[in-house]
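A.B. asks: I am attaching a structure below and will ask some questions about it afterwards.
The values are calculated or read from the model by the stated rules, or taken from the named source; none is laboratory data. Nothing here was measured: the structure is a model prediction, and the numbers come from that model. Reconstructed Cβ throughout: ideal geometry from the backbone, glycine too, with neighbour counts over all protein chains shown. Each accessible area value is taken on the protein alone, full model and side chains, heavy atoms only, with ligands, DNA and RNA left out. Shrake-Rupley method; radii C 1.70, N 1.55, O 1.52, S 1.80 Å.
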Amino acid sequence: MMEILQYEFMRNALMAAVLASVACGIVGAYVVIKRIVFISGGISHAAFGGIGLGYLLGINPILTAIPFSILSAFGIGVISKQGRVNEDTAIGVLWAVGMALGILFIGLSPGYAPDLFSYLFGSILTVPSFDLWMMLLLDVVIILTVFLFYKELTALSFDEEFSEVVGIPTRSMYLLFLCLVALSVVVLIRVVGVILVIALLTIPAAISRQFTYNLRRLMILSIFTGIILTVVGLWLSYALNLASGATIVLVLGSAFFMSSFFKGLMPT
Amino acid sequence: MINEEIISLKNIGVRFGDIPVLEGVNLSIKQNDFLAIIGPNGGGKTTLLKVILGLVKPDEGEVRVFGENPEKGRRLIGYLPQHTSFDLNFPINVFDVVLMGGYKRLLKNYSKKDKKIAVDALKTVEMLEFRDRQIGRLSGGQLQRVFLARAIVKEPRLILFDEPTTGIDPKMQSSFYNLLSEFKKRMAIVLVTHDIGVVSTQVEEIACLNRRLFYHGAVEEGLKRLETTYECPIELIAHGIPHRVLERHEKK
């Protein structure tokens, strides 16, 4: 196993697995306890519009995905809080519109889009160094934001109405929270692709929450669960020559079913 | 303490779409008041509390809370909602939930003093032994007491209760009444309830709310029945102070 580490792409892949797991451990914990899994799904699919825009403009799609996913996070947040449109309707619309825009942009861009598939389904084995640095930067932003606004984000997730009464600026905090989701989506796109992002964002936290009732521990546990499972998936995809993103998601899914099964057997 | 006016509602109207929920509601609450608001389901009781808290913006009228708009003034109000919907598996313990009530502002962490006050609040509601318990692992009555602790932890000057005794067993109810008599020495209380027991034993003033804050024959009848049941003298409605119905208890 160790000899594969001599390849740069493998070292990059491992780095990507760690960086992605940090983002999804922290933000995923909130996504799961605040139950906004499908909002996150909407944001990640809408981010595909940004990927397409990158192709059209001839720049790194990760760079265009950042403003695009943040805009869609704001879109979902603002529309759903106004109350005229149901939240899930807003999600559905932005989800589809974002994907459609992406396809249109790619169609309009000159030539053929060779690594389009890797943005849809992830390609952890081909992450360039520049993207790794971007992921590191976004991780730092996420960690700092959660560190600074931990008590607001936690209170908001627990009881939004009471948070408002005690003076937490719930609306801006909610939008900030959705922006964090948007940033994590961008971090994760390289690893599992827009379509499978939701797995990495929810499964490590969903597994970990079965074993702790402490939010900080939940985040840390999710990070390590994420690292272990992504690395196992990465290794399996390498050894068996399978699509990496899909293999990682299937490893995550199997771990989730197994942990739920064993948790069911354990006395409470 | 001077009995200053702390809440003033003037001609409040609230509509949800086409449906009027509150109409022409005038209410004045003073620092020493202990007011119960009774009324039928859908009569707008919870909405009235939410107007005071700034959670519902009235379509008409003016709200002043401690002389300010509700968003500012509500920092001096404690609130115990009727239902708190939350995820029973939420990773948080009782102590941290109570601590939330002492929130100050962005970028300011809970101080040692805040934690001390949270411990005291848990002691007051006799829930200190459960401080490390995950919030979903409590009974309905225990949960209610934790949320009560959360409401008093910022040492409010007014506390709003929305149906505080529904779903609580009689023993818990009487200990809740005892708590109320504790609280009323320190803060104004407004209580929305169906529970005539609490009205008769503790409350000093009563108002009826059914879209409008008002009284009619049937309610007077109800209050006369209250009088015979609880031997509580009733001062009949005087104009100008429409919510004065039950006689003020003699101050000791």
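A.B. asks: Run the reach check for B:Lys113 against aspartates and glutamates, Cα to Cα strictly under 18 Å, same-chain hits fewer than 8 apart removed. What comes back?
C.D. replies: List returned: B:Asp96, B:Glu155.
A.B. asks: For B:Ile189, list long-range residues whose amide hydrogen, built 1.01 Å from N in the peptide plane, is under 5 Å from its own amide hydrogen.
C.D. replies: For B:Ile189, the qualifying residues are B:Asp33, B:Phe34, B:Leu35, B:Ile159.
A.B. asks: Please list, or write none, the aspartates and glutamates whose alpha carbon is within less than 16 Å of the alpha carbon of B:Lys45, excluding same-chain residues fewer than 8 places away.
C.D. replies: The qualifying aspartates and glutamates are B:Glu23, B:Asp162, B:Glu163, B:Asp195, B:Glu205.
A.B. asks: Rounded if a/c is under 1.5, else prolate if a/b is larger than b/c, else oblate: which is the stretch A:217-268, with a ≥ b ≥ c the root eigenvalues of its Cα gyration tensor?
C.D. replies: oblate
A.B. asks: Here is a follow-up. Would you be so kind as to list the residues of the stretch A:134-160 that have their accessible area lowered by at least 40 Å² in the full protein complex compared with their chain by itself (1.4 Å probe)?
C.D. replies: A:Lys151, A:Phe158, A:Asp159
A.B. asks: What translational D, rounded to a whole number of µm²/s, comes out for the stretch B:2-76 from Stokes-Einstein when the hydrodynamic radius is the Kirkwood one over Cα pairs, at 4 °C and 1.567 mPa s?
C.D. replies: Once the numbers are plugged in, D ends up at 102 µm²/s.
A.B. asks: Still on this structure, I have one more. For Cα pairs less than 8 Å apart in space and 6+ apart in sequence, what is the mean separation divided by the residue count of the stretch B:1-140, i.e. the relative contact order in percent?
C.D. replies: That works out to 20 percent.
A.B. asks: Using only alpha carbon pairs under 8 Å that are at least six residues apart, calculate the relative contact order of chain A and give it in whole percent. Spell out each step's value before the answer.
C.D. replies: Working: 420 pairs, mean separation 81.1, N = 268.
Normalised by residue count, the contact order of chain A is 30 percent.
A.B. asks: Find the eigenvalues of the gyration tensor of the Cα atoms of the protein assembly as shown, then list the square roots of 5 times those eigenvalues as equivalent ellipsoid semi-axes, largest first, in whole angstrom.
C.D. replies: 54, 25, 18
A.B. asks: Given +1 on the Cβ of Lys and Arg, -1 on the Cβ of Asp and Glu, and no further charges, what dipole in debye does the protein assembly as shown carry about its Cα centre, rounded to the nearest 20?
C.D. replies: 1000
A.B. asks: Sticking with this one: List the DSSP H helices in chain A whose Cα atoms stretch 15 Å or more along the helix axis and whose mean Kyte-Doolittle hydropathy is at least 0.0.
C.D. replies: What comes out of the filter, once short or polar helices are dropped, is A:8-33, A:37-57, A:61-82, A:87-108, A:129-148, A:170-192, A:197-208, A:215-240, A:244-265.
A.B. asks: So who's got an amide H within less than 5 Å of the one on B:Asp59, skipping anything under 5 residues away but keeping other chains? H placed 1.01 Å off N, in plane.
C.D. replies: Those qualifying (amide H under 5 Å, at least 5 residues apart or on another chain) are B:Gly13, B:Val14, B:Arg15.
A.B. asks: Need one number: buried accessible surface between chains B and A, 1.4 Å probe, both sides summed, DNA, RNA and ligands left out, in Å² to 100.
C.D. replies: Protein heavy atoms only, the B-A interface buries about 2500 Å².
A.B. asks: Among the GluC sites (Glu not before Pro) in the stretch B:1-81, which ones are in a DSSP loop with at most 14 other Cβ atoms within 10 Å of the Cβ? Mind listing them?
C.D. replies: On the way: sites: B:Glu4, B:Glu5, B:Glu23, B:Glu60, B:Glu62, B:Glu68, B:Glu71; in loops: B:Glu4.
Those satisfying the criteria are B:Glu4.
A.B. asks: Further question: In the structure displayed, which of A:Lys263/B:Lys171; A:Lys34/B:Lys115; B:Lys50/B:Lys184 lie more than 30 Å apart, Cα to Cα?
C.D. replies: Beyond 30 Å between Cα atoms: A:Lys263/B:Lys171.
A.B. asks: Moving on. Using only the heavy atoms of the protein chains and a 1.4 Å probe, how would B:Asp18, A:Asp131 rank by accessible area, largest first?
C.D. replies: These residues rank, largest area first, as B:Asp18, A:Asp131.
A.B. asks: When the accessible area of the stretch A:2-261 is split by element with a 1.4 Å probe, what percent falls to carbon and sulfur?
C.D. replies: Of the solvent-accessible surface of the stretch A:2-261, carbon and sulfur hold 73 percent.
A.B. asks: Based on the alpha-carbon gyration tensor of the stretch A:2-261 and its eigenvalue square roots a ≥ b ≥ c, which shape applies: rounded if a/c is under 1.5, prolate if not and a/b is larger than b/c, or oblate?
C.D. replies: It is oblate, given that a/c is not under 1.5 and a/b is not larger than b/c.
A.B. asks: Just in the stretch A:206-268: which chymotrypsin sites (Phe, Trp or Tyr not before Pro) are loop by DSSP and have at most 15 other Cβ atoms within 10 Å?
C.D. replies: A:Phe211
A.B. asks: Can I ask one more? Which shape class, rounded, prolate or oblate, goes with the stretch A:155-266 when its Cα gyration tensor gives a ≥ b ≥ c as root eigenvalues, a/c under 1.5 marks rounded, and past that a/b bigger than b/c marks prolate?
C.D. replies: Here the stretch A:155-266 falls in the oblate category.
A.B. asks: Which of the listed residues, A:Ala29, A:Ala199, A:Ile103, is farthest toward the dipole's positive end in chain A, when Lys, Arg count +1 and Asp, Glu count -1 at the beta-carbon?
C.D. replies: A:Ala29
A.B. asks: Cross-link list B:Lys108/B:Lys185; A:Lys151/B:Lys154; B:Lys57/B:Lys185; B:Lys30/B:Lys123: which exceed 19 angstrom alpha carbon to alpha carbon?
C.D. replies: B:Lys108/B:Lys185; B:Lys57/B:Lys185; B:Lys30/B:Lys123
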